[in-house]
Amino acid sequence: MNRVKKILVVGGGIGGLAAGAAFAQRGIETDVVEIQPDSGVLGIGINQPANSLRALKNIGVLEQVCDVGFQYDEWKYNDEEGNLIARCPSSMGGDGIPANNALARKDLHGILIGAAKQAGATIHYGKTITDLLDHGESVDATFSDGQHKNYDLIVAFDGISSAMRKRLFGDAYEPIYTGFAVWRVLAPRPDDVKCINLFQSTGAKAGIIPLSKDWMYLLNVTPEPDVRYEPNRFVNMLHERLAGFGGIIGEIRDHHLKADSTVVYSPLRECMLPAPWFKGRVVICGDAAHACSPHLTQGAAMALEDAVVLAEEITADHGRAVNDALNAFMRRRYPRAKFVQDASHQILADEMAVTSDNIAAARIKMAIDLPRQMAAADAFLNQPA
Ligand SMILES: Cc1cc2nc3c(=O)[nH]c(=O)nc-3n(C[C@H](O)[C@H](O)[C@H](O)COP(=O)(O)OP(=O)(O)OC[C@H]3O[C@@H](n4cnc5c(N)ncnc54)[C@H](O)[C@@H]3O)c2cc1C
């Protein structure tokens with residue numbers, strides 16, 4: 001019989017907090033351990049497509065995220081001067097779920113913390129798991145503060161550099177650097193920016209995403225070596241990398257990118273753990289199992305779906321063994337995570353393969369292919385998780 005009464009969630013990021021809420025809302029005693037000393041979140045904004053919003057609705061926070069975010073139903077692709085190449089109306093959502101809602105990362109974090117706590121989950125900051133002993137029917141966890149506790153299940157949402165993935169599966173599935181990185185900075189939103197706009201250049205892509213009535217963020221995807229840059233160089237480096245862009249990207253570069261701007265630099269790494277993502281009573285979820293490039297804005301969506309689907313399967317009244325519930329989880333999760341992984345990687349590869357020799361042909365191909373490709377991705381992802 002499936003009698004999961006106590007769960008440990010390792011990692012208090014987007015997926016871990018949502019899992020904390022989803023398990024606790026179903027009556028499971030849930031501890032979340034987060035290695036960072038507080039809930040401070042790095043990053044600027046995040047887009048939540050409709051499937052992400054469905055998972056957030058499941059844990060009761062759809063209204064809250066929509067109240068602080070910016071909803072829209074279209075992606076536009078432009079050249080580097082801002083001339084329109086393709087419009088891709090989003091065909092996701094419906095039944096009260098917007099096609100997209102973008103918001104500040106710290107707002108999403110705050111809302112998820114509130115949901116997890118309100119449901120009764122306990123969040124421990126500055127704490128991690130240091131050892132575990134899986135007895136088959138339960139797992140003993142040892143923590144960094146020397147405490148021990150027994151759980152029916154351990155769920156690792158400890159991010160792309162997951163120590164839990166390494167513990168379970170060794171070094172075979174370490175993240176792979178794509179050769180590209182994303183630069184992001186906040187800027188005021190002009191009234192006429194009402195959806196995602198992307199700007200394709202040669203070997204680089206910029207974009208803007210509205211986040212609220214007042215704010216949007218600029219992104220720039222560029223080829224970069226796998227080295228660490230000093231953060232005090234970020235503003236100048238981003239300025240240089242935006243040199244080829246005109247239109248609104250040029251305006252942001254010239255008028256809003258200031259010496260004291262906070263630029264977030266994220267090298268793009270990918271990892272895909274083959275199924276199954278669990279061993280015994282320990283399961284790996286979110287970026288720890290399937291970190292993708294952000295080109296479909298689906299990474300957090302996949303983590304949120306993992307959280308909700310795992311909670312559903314673990315508590316489904318099937319009288320099943322935990323192992324069967326985890327296999328059912330895998331059957332629902334692997335195809336979607338793999339689809340997002342592959343499609344996001346292909347978009348990144350196609351965009352970064354645009355050179356001065358092929359850009360004219362690439363623009364024609366984008367105009368023909370993108371609306372169809374985005375509609376196909378939407379149709380797949382709009383199906384129930
Ligand atoms: C540039 C960029 C843009 C993106 N834009 C979007 C977007 O628009 N939409 C979208 O859906 N997704 C987006 N993503 C992806 C999204 O951010 C991730 O997929 C998502 O954060 C994954 O959630 P997670 O909970 O699995 O991991 P994380 O959010 O990374 O959380 C992991 C948590 O675990 C903690 N942790 C790590 N190790 C331990 C340990 N040993 N013990 C305890 N805690 C630990 C970390 O401190 C962290 O809090 C983007 C990603 C990038 C890089």
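The values are calculated or read from the model by the stated rules, or taken from the named source; none is laboratory data. Source: prediction; values computed, not measured. Methodologically, a virtual Cβ is constructed for each residue, glycine included, from the backbone with ideal geometry; neighbour enumeration extends over all protein chains shown. Heads up: the accessible areas ignore ligands, DNA and RNA and are worked out on the full protein's heavy atoms, side chains in. Shrake-Rupley method; radii C 1.70, N 1.55, O 1.52, S 1.80 Å.
Among the residues that make up the range 349-360, is at least one of them in a helix (DSSP H, G or I), over 15 Å from the mean Cα position of the chain (by Cα) and either among the basic types (Lys, Arg) or within 16 Å of the ligand (Cβ to nearest atom) (or both)?
yes
Here are some conditions: (1) of a type outside the set (Lys, Arg); (2) open to solvent by 30 Å² or more (accessible area, probe 1.4 Å); (3) in contact with a Lys or Arg (Cβ under 6 Å, 6 or more places away or on another chain). Ile44 meets all but one. Which one does it not meet?
It is condition (2) that Ile44 fails.
Hey, does the range 196-204 have a residue that's out of contact with any helix residue (DSSP H, G or I) (no Cβ under 9 Å at 6 or more places or on another chain), of a type outside the set (Lys, Arg) and within 13 Å of the ligand (Cβ to nearest atom)?
Within the range 196-204 (the criterion being out of contact with any helix residue (DSSP H, G or I) (no Cβ under 9 Å at 6 or more places or on another chain), of a type outside the set (Lys, Arg) and within 13 Å of the ligand (Cβ to nearest atom)), the answer is yes, since at least one residue qualifies.
Would you pick out the residues in the range 30-64 that are more than 12 Å from the ligand (Cβ to nearest atom) and touching a residue at least 60 places away in the same chain (Cβ under 8 Å)?
Thr30, Arg54, Asn58, Ile59 - these are the residues of the range 30-64 that are more than 12 Å from the ligand (Cβ to nearest atom) and touching a residue at least 60 places away in the same chain (Cβ under 8 Å).
Sort out which residues of the range 159-176 are near the ligand (Cβ under 8 Å from one of its atoms), open to solvent by less than 40 Å² (accessible area, probe 1.4 Å) and over 28 Å from Ala349 (Cβ atoms), and write them in order of number.
The one that is near the ligand (Cβ under 8 Å from one of its atoms), open to solvent by less than 40 Å² (accessible area, probe 1.4 Å) and over 28 Å from Ala349 (Cβ atoms): Met164.
Given Ala300, Ala288, which one is part of a helix (DSSP H, G or I), near the ligand (Cβ under 8 Å from one of its atoms) and open to solvent by 10 Å² or more (accessible area, probe 1.4 Å)?
Checking each option against the conditions leaves just Ala300.
Is one or more of the residues making up the range 10-20 touching a residue at least 60 places away in the same chain (Cβ under 8 Å), open to solvent by less than 10 Å² (accessible area, probe 1.4 Å) and more than 14 Å from the ligand (Cβ to nearest atom)?
no
Would you tally the residues in the range 84-141 being open to solvent by 60 Å² or more (accessible area, probe 1.4 Å), of a type in the set (Asp, Glu) and touching a strand residue (DSSP E or B) at 6+ places or on another chain (Cβ under 6 Å)?
Matching residues across the range 84-141 total 1.
If I ask for residues that are farther than 17 Å from Asn47 by Cα and in contact (Cβ under 8 Å) with a residue 24 or more places away in the chain, which ones from the range 189-198 would you list?
Pro190
Quick one: is Asp67 in contact (Cβ under 8 Å) with a residue 60 or more places away in the chain, charged (D, E, K, R) and on the phi < 0 side of the Ramachandran plot?
So Asp67 fails the test.
Please go through the range 361-385 and give me each residue that is in a helix (DSSP H, G or I) and under 21 Å from the mean Cα position of the chain (by Cα), ordered by number.
Gln373, Met374, Ala375, Ala376, Ala377, Asp378, Ala379, Phe380, Leu381
For residues that are farther than 22 Å from Gln48 by Cα and among the basic types (Lys, Arg), scanning just the range 327-381, find the one that is surrounded by the fewest Cβ atoms within 10 Å (Cβ to Cβ).
Step by step, filter the range 327-381, then rank; the result is Arg331.
Residues that are away from the ligand (no atom under 13 Å from the Cβ): list the strands (runs of 3 or more DSSP E) wholly contained in the range 83-152 that include at least 3 such residues.
84-89, 148-151
Please verify whether the range 330-340 includes one or more residues that are under 19 Å from the mean Cα position of the chain (by Cα) and among the hydroxyl-bearing types (Ser, Thr, Tyr).
So far as the range 330-340 goes, yes, one or more of its residues are under 19 Å from the mean Cα position of the chain (by Cα) and among the hydroxyl-bearing types (Ser, Thr, Tyr).
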